[in-house]
Each structure stands twice: as C-alpha cells, then as structure tokens.
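In what follows, a single structure is set out as structure tokens and then discussed.
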Ligand code: ATP
Ligand code: MG
Ligand code: MG
Ligand code: MG
C-alpha cells in the first residue's frame, strides 16, 4: 500500500505564502518518478487564522497556490468529531463525510511551515504527542534553530565562530527613559556601527534592520520589540553570504556550498522575494579548503542544535581574512523548486523528488529509533 503523507502547510506566520509554494513543489515531487507508486498526498492546510483544513479546501489551495481568503461567506469552523478527527464545517460546497480524511490515516507527516508556529517546535510538539513520524527536527532542534539567542549559545558551546552580539529583552526596550539610553550605551560599548537588530524568532529578514547611528539603533530596537520579546543586536560584517544544506539524522550528509549575491544593502525581505533581485551561485566559487571548512561547520551546527532531517546553514565568509562566521541554521528552509536548499542538493546529485523521498525515509527512521 502507498504511504500516506500528511503535507502540512500554510500556517500563521509571515511566511504563509512561501509555505504554500514549498508545499506545491513537494506535492508535485511526490507524484513524480518512483514516488508516485510509493506515496499518496493528504494535504492539510493551516489558514492564516490558524484553522486546520483537511478537506477539499486544502486541495484547492494546493492546486491554485492562492491562500484562502477568509471572507464572511467562506468562514469556516473546526469541529471535533467523535473519531478524534477534525472536520471543517460551514463551507457551503463542502460535504465533510466525502472530502475529509481522518488524521489517523496519515503514515508520516511533512510539515512545511516556515517561521513561528511551524519551524519553532510548536507543531513538532503536537506531532510528537500524536506519536507519528514527521519530517525534520523535533521540539528541541526546532526551538534552538528558531531562537537566534539560544542558537548562538548552542553554537558558542560547540566552538563555532560567530560575530559579536548583545541579547536584549523587550522589557529593556520599553523601560523607563533613563534605562533605555543605558541599554543603547551598553550596545555601543560592545559593538561598532553598522550593526544588525533582529527579532530573535523570525525568518525571511522580517523585522531586521541595519543601523548606522544611535537614532537608527533606537528606532530598530523599538521596531524589533514589536515582533518579539527577544531581540539580538549583532556586529555587522562585510562578507560573502554562503549557505550549505544538511540532510540526514545522526550522521548527516552535506551538500556543495552555494552563494547569494544581490545589489541591495543586505539580504532583506524584498530581495528574498522579488524575482531577479538575488542570484544564487551553485557551487560557489571558493577554494576547496574553505568549502571543507564550511561543510564541517554546517555539520557541527546541525549537531549543536540537535537538528534532524534537513537544515540550511548560513555563513559569512570574509574573503580578505579567510574568516568564516556562522550566521544561523534554518531547520525548515524555503523548499520551492527554486529555493537554495533543493538547488544545493540538485547540484550535489540528489534530485528534488529523491530529496523528498529521502526526507520521508529519515523521518520514519528517526521515529523507529525512538519508539
Ligand atoms: P532566513 O530567511 O534565512 O531565515 P533570517 O530572517 O533568519 O533569514 P538572518 O539570516 O539572520 O535573518 O539575516 C538576514 C540577512 O541580513 C542576512 O542574510 C544578511 O544579508 C544580513 N545580515 C544579518 N546579520 C548580519 C551581520 N551580522 N552582518 C552582516 N549582514 C548581516
Ligand atoms: Mg533564519
Ligand atoms: Mg528562516
Ligand atoms: Mg538567513
């Protein structure tokens, strides 16, 4: 019998649309080559309100690529059925008995949710409680991979070189007018301009600012605090941006190294999602020893946060000095056909359909080892 893959996508984060595009690419890969005889896709769409849609609505989003517009008319509600199944009601064209499936039918879950409420361990906690195999990192790896402050601590412990940084709490930013200047003084004492202000738990460069003065620092801290309780301020480096893909569980494999170039000041949201704004160079033009160093650091980072299945590790390479700093790990990186992660594997000899097949294999392997 075919393995039923619960493709979980959408989600309540700023990366909802990216998740839909990733899910479409994965669904199509599950219907290609050998995969089509092995797998059946059961789509589960989490709309922007956080409602789980395991019906023809999910199929509709998967096919059209358009997020569901929750107008009054289409408003849906989730009801708990007696068989522990969530069904969607209130949508006129829906006949739940015909179009819904039971979550218990799903053999393996493939969560492809980016950012908070998906990449951060919350969904992974739910799937762990359900005691089912799922693709990617568990609770710990996901949480450490999402929170940039906790991630940096894990990397420091593993001896991975990073840029200098200061961890800030929202309460310090919203503190009295005599404490806030002290916070900025402390940051200025530790870091030079330009520096980067980031909400600790986001992705796609949302809420990130490059600041060059005290005024910009104050403004950026205030803005980052609107996104997250935890904020990180980092020393800015002038460097090439290179990335490496990791695949596997306890003995993961690494891909070739890729580079991103762009005209903009940094790799911000607009550059990431405007077609043609950024160029991927795979493999990057680097000496073999720099490549080896980056690949080793990528493996160490993967192990340091207890990642599983897949991760994309991002680095800064300072050509003048030969230094390599780790920037971050992303435990559920963008997974569209043109995303860096699958492109790195394609260049390493693993096609998109093979990659998806491997990931499901690693999910089942990890589950079996832990049960
Ligand atoms: P992703 O979409 O990869 O998850 P993210 O939102 O987690 O991204 P970062 O990767 O931390 O954000 O930073 C986004 C971009 O900002 C980097 O790719 C880089 O262009 C720039 N940047 C971040 N930190 C620094 C730094 N310390 N020095 C120089 N540039 C930086
Ligand atoms: Mg990130
Ligand atoms: Mg990310
Ligand atoms: Mg990044």
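The values are calculated or read from the model by the stated rules, or taken from the named source; none is laboratory data. The shown structure was predicted, so the numbers you read here are calculated from the model rather than taken from an experiment. Because the Cβ atoms are built from the backbone with ideal geometry, glycine has one as well, and the counts that use them run over all protein chains shown.
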Exercise. Out of all the residues in the stretch 224-233, is one or more surrounded by fewer than 19 Cβ atoms within 10 Å (Cβ to Cβ) and in contact with a strand residue (DSSP E or B) (Cβ under 9 Å, 6 or more places away or on another chain)?
Worked result: yes
For this session: May I ask you to verify whether residue 306 is within 18 Å of the chain's Cα centre (by Cα) and within 14 Å of ligand 4 (Cβ to nearest atom)?
Result: no
Exercise. So is residue 146 out of contact with any strand residue (DSSP E or B) (no Cβ under 8 Å at 6 or more places or on another chain), within 23 Å of residue 325 (Cβ to Cβ) and touching a residue at least 12 places away in the same chain (Cβ under 8 Å) or not?
Worked result: yes
Exercise. Within the stretch 29-68, which residues are out of contact with any strand residue (DSSP E or B) (no Cβ under 8 Å at 6 or more places or on another chain) and in a helix (DSSP H, G or I)?
Worked result: 29, 35, 36, 37, 56, 60, 63, 64
For this session: List the number of the failed condition for residue 341; all other conditions in (1) in a helix (DSSP H, G or I); (2) in contact with a strand residue (DSSP E or B) (Cβ under 9 Å, 6 or more places away or on another chain); (3) more than 16 Å from ligand 3 (Cβ to nearest atom) hold.
Result: (3)
Exercise. Does at least one position in the stretch 272-279 carry a residue that is at pLDDT 95 or above, within 14 Å of ligand 1 (Cβ to nearest atom), crowded, with 18+ Cβ neighbours inside 10 Å and within 12 Å of residue 247 (Cβ to Cβ)?
Worked result: no
Problem set entry | Hits in the stretch 304-332 (condition: more than 12 Å from ligand 1 (Cβ to nearest atom), touching a strand residue (DSSP E or B) at 6+ places or on another chain (Cβ under 9 Å) and assigned to a loop (DSSP other than H, G, I, E, B)) | 305, 307, 308, 319
For this session: Of the numbered conditions (1) touching a helix residue (DSSP H, G or I) at 6+ places or on another chain (Cβ under 7 Å); (2) in a helix (DSSP H, G or I); (3) within 15 Å of ligand 3 (Cβ to nearest atom), residue 335 fails exactly one; give the number of that condition.
Result: (2)
Problem set entry | Qualifying residues in the stretch 1-20 (those that are surrounded by fewer than 19 Cβ atoms within 10 Å (Cβ to Cβ) and within 16 Å of ligand 1 (Cβ to nearest atom)) - the one farthest from residue 44 (Cα to Cα) | 14
For this session: Considering every residue within the stretch 148-158, establish whether at least one is within 21 Å of residue 10 (Cβ to Cβ) and within 16 Å of ligand 2 (Cβ to nearest atom).
Result: no
Problem set entry | Residue list for the stretch 189-201, restricted to those being surrounded by fewer than 16 Cβ atoms within 10 Å (Cβ to Cβ) and in contact (Cβ under 8 Å) with a residue 24 or more places away in the chain | 190, 192, 193
Seminar exercise, completed: Checking 246, 254 in turn, the sole residue that is more than 16 Å from ligand 3 (Cβ to nearest atom) and either closer than 30 Å to residue 369 by Cβ or buried (at least 17 other Cβ atoms within 10 Å of the Cβ) (or both) turns out to be 254
Exercise. Closer than 19 Å to residue 151 by Cα and away from ligand 3 (no atom under 16 Å from the Cβ), is that true of residue 231?
Worked result: yes
